[in-house]
Amino acid sequence: MEAKKLSRSYLETLSSADLLTLADDYDIDVPDDLNRRFLIGELLEVAQESELETREGIDIITDAVLPITTKLPETYNETQINVLLCNPSWAFVFWDMKESDIRRLKENGASLLLRVSFFSDEDAVVPEETFDVQISFSDRAQYVLLRPGKKYVRIDFVAVVAGKADDTLAKSRKVKFSEGSEFLNALPGRDIPATQLQELSSLKELLRLQYENYRQAFFD
């Protein structure tokens, strides 16, 4: 492995395989299921105990280093999913998969999808409504258009195999929608009072364009 400054900021850029190789260099006994965050902590602890000594061409320093320009790995070998609410209409969803999960699912002929579920409150177990978005094994992120007038949304990372029950690989947290004006959820042509500022902002025209291009997001 190329010699690098050993610090938390650098270690975060390494893949799980590179972290395991580095742990082997330092004679750290790593269990098979050790979380990468704990592994990084073990490596930093070794660095501190070595008191800034240089070992096998790797300089050990604290986090006070110049920024590392190493490109982030494409995967951290963890199956997980996260949701960021961009606005009341759009969510940005990103996920990762373990290599072992990818191999297993491909061998079983599985397909992948995002299951978007809406809930009436944070503690609700059964969703009010769901819909699916098809994705591929090479995808790692997706913008999702949300239904208006909802309270909470959760997005599940799901594998589907013909003849078998759906396999939920990971679930996001429930995300609360921002409270918005009823005007934003209106169908074009529906007579809902608009403030003078809304009239001047050309919001009606934006809603018309939204309806024409993303009609499935509107409800009667």
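The values are calculated or read from the model by the stated rules, or taken from the named source; none is laboratory data. What you see is a predicted model; the values in this text were computed from it and never measured. FYI the Cβ positions are ideal-geometry reconstructions off the backbone, even for glycines, and counts take in every protein chain you see. Heavy atoms of the whole protein, side chains included, go into the accessibility calculation; ligands, DNA and RNA do not. Shrake-Rupley method; radii C 1.70, N 1.55, O 1.52, S 1.80 Å.
Before moving on, here are some points about what is shown:
- Leading residue by the ranking (least open to solvent (accessible area, probe 1.4 Å)) among those in the range 128-160 that are touching a Ser or Thr at 6+ places or on another chain (Cβ under 9 Å) and small (Gly, Ala, Ser): ALA159
- Within the range 165-187, the set of residues being open to solvent by less than 60 Å² (accessible area, probe 1.4 Å), at pLDDT 70 or above and of a type outside the set (Ser, Thr, Tyr) comprises ASP167, LEU169, ALA170, LYS174, VAL175, PHE177.
- Of the listed requirements (1) closer than 20 Å to VAL161 by Cβ; (2) surrounded by fewer than 16 Cβ atoms within 10 Å (Cβ to Cβ), LEU112 misses just one: (2).
- Lone qualifier among PRO88, PRO31, PRO73 - being modelled with pLDDT under 80, touching a Gly at 6+ places or on another chain (Cβ under 6 Å) and under 30 Å from LYS171 (Cα atoms): PRO88
For every residue, the table says whether it meets (1) in a strand (DSSP E or B); (2) modelled with pLDDT under 95; (3) not hydroxyl-bearing (Ser, Thr, Tyr).
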position	(1), (2), (3)
ASP121	no, yes, yes
ALA124	no, yes, yes
PRO127	no, yes, yes
SER138	no, yes, no
VAL144	yes, yes, yes
ARG147	no, yes, yes
LYS150	no, yes, yes
GLY163	no, yes, yes
